[in-house]
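Below is one structure, written out as structure tokens; comments come after it.
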Amino acid sequence: MNLNNLISIALRALVNNKMRGFLTMLGIIIGVSSVIIMLAIGEGSKNTIANEISNMGSNMIMVQRNYNREGVSKGATSMESMKIKDYEDIARDAKYISGASPYVTASGQLIFGSNNHPIRVEGVNEDYLEIRKHEIQDGSNFREGDIKNSAKVCIIGKTVVEKLFKNDEDPIGKIIRYNNIPFQVIGVLKSKGSSTFGQDFDDVMIAPYTTVQKRIAAINYLHAIFASSISEEYSEKAIAEITEIMTLNHNIPEGKEADFIVESQKQILEQINTVINLITTLLGSIAGISLLVGGIGIMNIMYVSVTERTKEIGLRMSVGARGRDILAQFLVEAIIISLTGGLIGVLFGSGVSFIIRLASGWAVTVSPFSVILSFLFCTFTGVFFGWYPAKKAANLDPIEAIRYE
Amino acid sequence: MKEKIIDIRDIKRHFQVGEELVQALRGVSFSVEEGEFLTIMGMSGSGKSTLLNLLGCLDTPTEGEYYLDGKPVANMTKNERAIYRNRKIGFVFQSYNLLPKTTAIQNVELPLMYNHNYSAAQRKEKSKQALISVGLEDRMMHKSQQMSGGQQQRVAIARALVNDPVMILADEATGNLDSRTSYEILTLFQELHKEGRTIIFVTHNPEIAEFSSRTIVLKDGRILEDKVNPNVKDARTVLESLPKEND
Ligand SMILES: Nc1ncnc2c1ncn2[C@@H]1O[C@H](COP(=O)(O)OP(=O)(O)O)[C@@H](O)[C@H]1O
Ligand SMILES: [Mg+2]
């Protein structure tokens, strides 16, 4: 039979049963739009986090204590095992890094005049700003000698400025007190905003690590070492290099777990992506189930309508429709329903994703993949779930069908 | 001599209903020439519909041979029979069997929808002509349920006509209609007959048989008599002699 006729037969039959068609479509609409929304949210959070992390420095490499191993073999030695020598060896010997900084930290209270603000001070060297992609807005980075002399100077973020300097004063050159130790503000950082999870990137106070070690924490070890690879593609090599230096320094025997971990921002990003992918898959599966339910809805209605429309089928056969004409009609009806439902679902899902984006500020993005996926699924559902009832209709005997009441 | 359009020999049709075997037709033989107007009569349950369904290729006999246009129907596939119904046969049912919620013109178009030799425009034109020939030119866009029984039966007749069939089979086509409307429909069939079409008209009403050229009476699945009607009544004359409706 000719395709035009087939489509107009199917369309006429659908128009005569708008309610039935609409109810069938509803399942598909809900299924498709939830797939699109779920995947858009998943994709969106992935993009948002990827953005944030590269904002923090995509070439960044961190050497941290291995907390896992500490759980097994306790002892202060491993807590304090990261030394300044480790940093010096890395800074001197590693070829694939463009900068390195020791890292010590301590919590305390900042006071300026009558204002105070709790903060975690980061003790680092002059390379740190570059490694963390911090930029100076006013003032300067540490000057020569600041590190060596354990100078009581600091660089602060926007949030700290707002909390301490309420009268719009210029913070540069002012003395603020950290746990009663006076620090001179020498720099203010450009704002980086805050992360999706509410972490404020501007709530920072950066001081020379020597100052934090001696005057605040009274320790001689490091909490971590930060470095940056010369470019993202060298990050693996840089990690290998640093690991080698550290393994040698810490006398880690072959095959034994080290008391440190070397991680790059990229790896962290990958780990987070793995988690998000998992969540996206989960959300997608839930959405997929609703799509499946929609498909079963199609089958259900098509099946019922074969019974309900037995007389119609008989009548069509009596005027010359062949089994395959009936089969084709039912299939085309199912496909039209699923594709229309799919289209409405895509529009609705994209609309809702857009609203979520406006409301939440996440980079919620409808991926072409999810649109193609759900469209393919719709066609498949239409054919798959329309097939059985259609086949049943096609095999009816004309006279039996027309006598059916 | 005229062509034998239908030739059936010792046709039997049995139905298995649970344990019981219903013998609806117990051996029926006759032939119909092109251009005949044949009435099949008999009481309810005598096998008229069963016979007509077989003649219309809607059903197949349990036993016996059926030659349609000289071809044995037993050798046709299901699809070939469908094509035969589509191109050569027009069927009119007692209960009209129109598609619900569908306009008259779309109902009439239905057989041509399954015939790819017609373009959409040709299909429309033919359907219009068929509706005009049954006197429904002003009802084309009316939907089935918006029409009276007589009008619906006219739509059904137009649908049976639209594919220019060699024969029209009608099963109690006037069974649901009042007598005036019945005569209108009969007039229509007589006109179609005059145009040269073969018509087989099933009825249990002996009066109606007087309008056809030949009558076969069935009883319990067998032919009781097969007689030619020498003086065929004219339905239009009867219709005009009826008291006018004053509405
Ligand atoms: N599909 C069927 N299944 C079982 N019995 C049937 C079927 N069709 C017809 N019959 C039986 O065959 C007999 C003849 O039926 P039918 O041809 O409809 O008679 P008529 O049209 O003359 O009233 C009846 O006894 C009827 O019950
Ligand atoms: Mg009957």
Can you divide the C-alpha Rg of segment B:1-66 by 2.2 N^0.38 Å and report the result to two decimal places? 1.18
Residues whose built amide H sits under 5 Å from the amide H of A:Lys174, excluding neighbours closer than 5 in sequence, are A:Val185
Based on the Cβ-Cβ distance from A:Glu257 to A:Lys148, what FRET efficiency comes out when R0 is 35 Å, to the nearest 0.05? 0.45
Could you tell me which of rounded, prolate or oblate describes segment A:67-258, using a ≥ b ≥ c as the square roots of the eigenvalues of the alpha-carbon gyration tensor, with rounded for a/c under 1.5 and, failing that, prolate when a/b is larger than b/c and oblate otherwise? prolate
Find how many whole Å separate the alpha carbon centroid of segment A:132-164 from the alpha carbon centroid of segment B:97-114. 85
Of the beta bridges DSSP finds with both residues in chain A, what % are antiparallel, to the nearest 5? 80
As straight-line cross-link partners of A:Lys174, the qualifying lysines (C-alpha separation under 26 Å, not fewer than 8 residues apart within one chain) are A:Lys133, A:Lys148, A:Lys152, A:Lys158, A:Lys163, A:Lys166, A:Lys190, A:Lys192, A:Lys214
Quick check on segment A:73-187: what does the Kirkwood estimate of hydrodynamic radius come out to from the alpha carbon pairs, in Å? 15.9
Once amide H atoms are built 1.01 Å from N in the peptide plane, which residues 5 or more positions from A:Ser98, or in another chain, come under 5 Å H to H? A:Ser228, A:Ser229, A:Ile230
Between segment A:359-386 and segment B:158-172, what's the alpha-carbon centroid distance in Å? 49
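Pairwise over distinct Cα atoms, reciprocal of the mean inverse distance: report the Kirkwood radius of chain B in Å, one decimal place.
18.7
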Going residue by residue through segment A:225-240, the Karplus relation 6.51 cos²θ - 1.76 cosθ + 1.60 with θ = phi - 60° gives ³J(HN,Hα) values, rounded to whole Hz and with x marking Gly or Pro, of 10, 10, 8, 10, 6, 5, 7, 4, 5, 8, 5, 4, 5, 4, 4, 4
Just to check I understand the Karplus step: with θ = phi - 60° and J = 6.51 cos²θ - 1.76 cosθ + 1.60, what whole-Hz values come out for segment B:26-35, glycine and proline as x? 10, x, 10, 9, 6, 9, 10, 8, 4, x
Histogram of C-alpha separations across segment A:239-342, 5 Å bin width, %: 2, 9, 11, 11, 8, 7, 6, 5, 5, 5, 5, 5, 5, 5, 4, 3, 2, 1, 0
Ordering B:His142, B:His14, A:His117 from largest to smallest accessible area (1.4 angstrom probe), what's the sequence? B:His142, B:His14, A:His117
State the Cα centre-to-centre distance between segment A:187-238 and segment A:11-64 in whole Å. 36
For the protein assembly as shown, what Kirkwood radius comes out of the mean inverse Cα-Cα distance, in Å? 32.5
Starting from the amide H of B:Phe91, placed 1.01 Å from N in the peptide plane, find each other amide H under 5 Å away whose residue is 5 or more places distant or on another chain. B:Leu169
Per-q log10 I(q)/I(0), segment A:130-242, q = 0.10, 0.16, 0.21 Å⁻¹ (Debye; single scatterer per alpha-carbon; no solvent): -0.36, -0.88, -1.25
Under the Karplus curve 6.51 cos²θ - 1.76 cosθ + 1.60, θ = phi - 60°, whole-Hz ³J(HN,Hα) for segment A:177-184, x wherever Gly or Pro sits: 10, 10, 6, 6, 8, x, 10, 8
If one builds a Gaussian network model of chain B from Cα atoms under 10 Å apart, the most fluctuating residue listed among B:Leu169, B:Leu21, B:Leu186 is B:Leu21
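What fraction of the DSSP beta bridges in segment A:67-258 is antiparallel, stated in percent and rounded to the nearest 5?
So the antiparallel bridges amount to about 75 percent of the total.
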Average partner coverage of B:48-57, which counts Cβ from other chains inside 10 Å: 2
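With runs of 4+ DSSP H residues as the only contributors, calculate the mean residue ellipticity of the protein assembly as shown at 222 nm using -39,500 (n - 2.57) per run, divided by the residue total and rounded to the nearest 500.
-15000 deg cm²/dmol
The values are calculated or read from the model by the stated rules, or taken from the named source; none is laboratory data. All values reported here derive from a predicted model rather than from experimental measurement. Backbone-built Cβ (ideal geometry, glycine too); neighbour counts: all protein chains shown. Side chains are part of the model used for accessible areas, which takes the heavy atoms of the whole protein and leaves out ligands, DNA and RNA. Shrake-Rupley method; radii C 1.70, N 1.55, O 1.52, S 1.80 Å.
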